[in-house]
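Written out below as structure tokens is the structure these notes cover.
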């Protein structure tokens, strides 16, 4: 019975991944096209590439599942031990934590601005993945923040959210 559940989970997961790839592709078509780039690679290239990659991986998962079903059920000794189940649960919770960090970035980036948000996200991600917060982590995050800002805002001319800071500086200046 558990074997059938594994097949069903993979089919459901592959279907959800394929649907998410479609939604991601649809969302990437709404990204503003810069008139400076012309017919070259635009800001939508990376999201579309990620959508295609997700769709390919989802199709591979679905095909692998269907081929395995044709071969017959998995051997009885394929049942997971309690330790393997605990390890899998731990990995899923870690992935959920990374997802929540990204979601927090998306929620707060417009409010606090791109520069502090990307800096905080890099620091939080490093600490979440087991690195102790130190001046090295902060320096690395600051360097990546400058690189990302220069790449997206200055080179690619994709305006990054400034957050509340312009109003704060105006209020301070009187």
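Quick notes on this structure:
- Every pair of different Cα atoms in the chain enters the Kirkwood calculation, which places the hydrodynamic radius at 20.0 Å.
- Computed [θ] at 222 nm, deg cm²/dmol, the chain (DSSP H ≥ 4; -39,500 (n - 2.57); rounded to nearest 500): -24500 deg cm²/dmol
- Relative contact order [Cα under 8 Å, 6+ residues apart], region 81-174, whole percent: 31 percent
- The fraction of all Cα pairs in region 81-174 landing in successive 10 Å bins from 0 to the largest distance is 15, 33, 31, 14, 6, 2, 0, given as whole percents.
- Length-normalised contact order of the chain in % [C-alpha pairs under 8 Å, at least 6 apart]: 19 percent
Any read-out appearing in this document is the output of simple, stated calculations on the displayed coordinates, not a laboratory observation. Because the structure is a prediction, the values reported are computed rather than measured.
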